[in-house]
Amino acid sequence: MTTPDRPRISLLGTSALLFEAPGAFDLPHQRRIWSLAATASAWPGIREAIPGITNLMLTFETPPRELKTLITALNDGWDEAEGIAIGGREIKLPVTYGGEIGSSLKSVADHCGLSVDDVVSIHAAPLYTVFALGSHPGYCYLGGMDPRITMPRRQTPLQRSAGGSVSIGGSQTGVSASPGPSGWHAIGHTDWTFFDPSWPTPAALVPGDIIRFEIERVIR
Amino acid sequence: MIEILSVTGPASVQDLGRFDQYRFGVGTSGAMDDVALRAGNILLGNDENAAGIEIPMLPFKLSFGRDRAFALTGAGVEAEIAGRSIPPWWRSYARAGDVLTIKAMSHGARCYLTVGGGIDVPIVLGSRSTQFRGEFGGLHGRPLQPGDILPCAASTATIGELGIEPADLTLARANASTDETIVRVVIAGEYDGFDGPTQALFWRSSWKITPQSNRYGYRLQGPAVKPRVPIEKRSHGIVPGVIQIPPNGQPIIQMRDAQTSGGYPKIATVIRADLWRVGQARLGGKLRFEQTAYTDALAAEAEMSAYLDRLRTNVRLVEEIRACR
């Protein structure tokens, strides 16, 4: 067992390793994760260092014979990591809340003991930071959601959820870049393009970018 | 080039996968049975990462536009080229205009057609594999349809027929049975969040592979395996093989088209040396997990590599002997 204030490091079979930072889901911790990712991606045998939400996955070019060296390097790297402040762009995303795609808007409101309008205004109020990309091509995990609209992920994931869905999963929010399975609750949608494999960098957004949701319409 | 004449299920162009695009949210894709794809490519003298066609349902029919060597590996299938029967794990030769018909699958879940030179669709983000979710790679990022024309790269493959030892025989596990697939797993981050009896239940159970299993994931059915207290993780990277436990207690093994991140608790991860066995496990079949240590998992990978090395050596020797004649 690890003590709560130390990072947790666990194996993902023989392909990868997961580093989970201690502490809050906030920007200062995430900035240290970005810094650790930049450092770790240069280590021998590491294929990619992929930031998650206050965590980091390292995929192996070749699985290390022994893990101790890598674990020590990660722990030391975390202690030394100075948060990098990425000067991100600010992007406005027009969102239609509710409707067929955002059909969970009402259930999120009921779960949180709020009105539909409250959920919309609470969701659209903050400036969100892109913490990490993941899930599917071009998808962004956003930091900065108000905890009042937290809702646990689904008991059983949906086989198909629409592209452009603006969803809540636990204390996180994000926008899907294409249709696919999801364990989150969709409260709205946007028509923006997040990913194109022919672009020099295939994803439109990078960690550190800032998103503002603009309420285009609310379908109650 | 080859032309697809008829398709039953979601057949697709796959190579070994797209392994370095996780930071853009792009998963690996790639052959569900990578051992079979490699073996087919070895038979043909191709680069092991050359793209082939993954065929999950039969019948499947195509025609060859030019003379070309090809191989069928993976599932046990009944097939005919120009009306002549050919076995699986076998290299054959098609004349221009010949029709290949793959009729039935006796065991396994996916058959791989590899061709001399490989299927030459464009490389997108480092791979020819079909990325269904992103709708790119493979042929227009989608499953194959009748009438599709697939280009093939130039080939040096020779004409002679040649068979190799199927992976499921050579790499057979001592305790395996015909109706149950046993796969080795390394425990994952949230294993300790399950109490002793629940952990024992996970190991003991023979899990049913539900019809909702596909290239995204294998959804299993059995007794509910639930952690002591509900676990909601912050989203983090995951890889094919990770076994998640959603709140309903029914495990999901993440496969090649899985999302690159998730937040459900992870009880274990299928080791790379056994992930192909999951890819060949049939819907409705049974699956059991066997705990293994990280070092033993590496040893299992070495065993898999040794099998492929042996194939490579044998194929080369046969070619040399033929060349001497």
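The values are calculated or read from the model by the stated rules, or taken from the named source; none is laboratory data. Just so we're clear, the structure is a prediction, and the values are computed from it rather than from any experiment. Cβ coordinates were reconstructed from backbone atoms using ideal geometry, including for glycine residues, and neighbour counts include every protein chain displayed.
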**OP:** Inspect segment A:85-107 for any residue being free of Cβ contacts under 8 Å to residues at least 24 places away in the same chain and hydroxyl-bearing (Ser, Thr, Tyr) and give the result as yes or no.
**Re:** no
Subject >> Extreme residue, nearest to residue B:216 (Cα to Cα), among residues of segment B:107-143 that are within 13 Å of chain A (Cβ to nearest Cβ), touching a Pro at 6+ places or on another chain (Cβ under 6 Å) and not aliphatic (A, V, I, L, M) >> reply: B:134
**OP:** Answer yes if at least one residue in segment B:12-22 is assigned to a helix (DSSP H, G or I), modelled with pLDDT of 95 or more and within 14 Å of another protein chain (Cβ to nearest Cβ), and no otherwise.
**Re:** yes
Original post:
When you go through B:214, B:248 one by one, which is the residue that is of a type outside the set (D, E, K, R), at the interface with another protein chain (Cβ under 8 Å from one of its Cβ atoms) and assigned to a loop (DSSP other than H, G, I, E, B)?
Top reply: B:248
Original post:
Which of the residues belonging to segment A:64-115 are under 30 Å from residue A:152 (Cβ atoms), surrounded by 19 or more Cβ atoms within 10 Å (Cβ to Cβ) and in contact with a helix residue (DSSP H, G or I) (Cβ under 8 Å, 6 or more places away or on another chain)?
Top reply: A:74, A:78, A:95, A:97, A:98, A:105, A:108, A:109
Subject >> Number of the condition not met by residue A:70 [criteria: (1) away from chain B (no Cβ under 14 Å); (2) farther than 30 Å from residue A:164 by Cβ; (3) not in a loop (DSSP other than H, G, I, E, B)] >> reply: (1)
Subject >> Residues satisfying the stated conditions in segment B:23-73, i.e. of a type in the set (Asp, Glu), assigned to a loop (DSSP other than H, G, I, E, B) and within 14 Å of another protein chain (Cβ to nearest Cβ) >> reply: none
Original post:
Among the residues of segment B:269-277, is any in a loop (DSSP other than H, G, I, E, B) and more than 28 Å from residue B:27 (Cα to Cα)?
Top reply: no
Subject >> Failed criterion for residue B:263 (all others in (1) small (Gly, Ala, Ser); (2) closer than 26 Å to residue B:172 by Cβ; (3) touching an Asp or Glu at 6+ places or on another chain (Cβ under 9 Å) hold) >> reply: (2)
Original post:
Here is a list of conditions, (1) under 22 Å from residue A:61 (Cα atoms); (2) touching a Leu at 6+ places or on another chain (Cβ under 6 Å); (3) β-branched (Val, Ile, Thr), and residue B:7 meets all of them except one; can you say which number that is?
Top reply: (1)
**OP:** Can you tell me which residue within segment B:253-268, out of those that are more than 7 Å from every other protein chain (Cβ to nearest Cβ) and assigned to a strand (DSSP E or B), is modelled with the lowest pLDDT?
**Re:** B:262
Subject >> Neighbours by Cβ (under 6 Å, 6+ apart or cross-chain): first from segment B:229-244, of a type in the set (Asp, Glu); second outside any loop (DSSP other than H, G, I, E, B) >> reply: B:232/A:170
Original post:
under 22 Å from residue B:239 (Cα atoms) and touching a His at 6+ places or on another chain (Cβ under 6 Å), is that true of residue A:138?
Top reply: no
Original post:
Of the residues that sit in segment A:148-160 and are outside any loop (DSSP other than H, G, I, E, B) and either buried (at least 21 other Cβ atoms within 10 Å of the Cβ) or at pLDDT 95 or above (or both), which one is farthest from the other protein chains (Cβ to nearest Cβ)?
Top reply: A:148
Original post:
Hey, does segment A:176-191 have a residue that's within 8 Å of chain B (Cβ to nearest Cβ), of a type in the set (Val, Ile, Thr) and in a loop (DSSP other than H, G, I, E, B)?
Top reply: no
Subject >> Check on residue A:122, out of contact with any Phe, Trp or Tyr (no Cβ under 8 Å at 6 or more places or on another chain) and assigned to a loop (DSSP other than H, G, I, E, B) >> reply: no
Original post:
Hey, does segment B:132-146 have a residue that's in a strand (DSSP E or B), surrounded by 16 or more Cβ atoms within 10 Å (Cβ to Cβ) and touching a helix residue (DSSP H, G or I) at 6+ places or on another chain (Cβ under 7 Å)?
Top reply: no
Original post:
Could we say that residue A:37 is under 22 Å from residue B:269 (Cβ atoms), within 18 Å of the chain's Cα centre (by Cα), more than 7 Å from chain B (Cβ to nearest Cβ) and small (Gly, Ala, Ser) here?
Top reply: yes
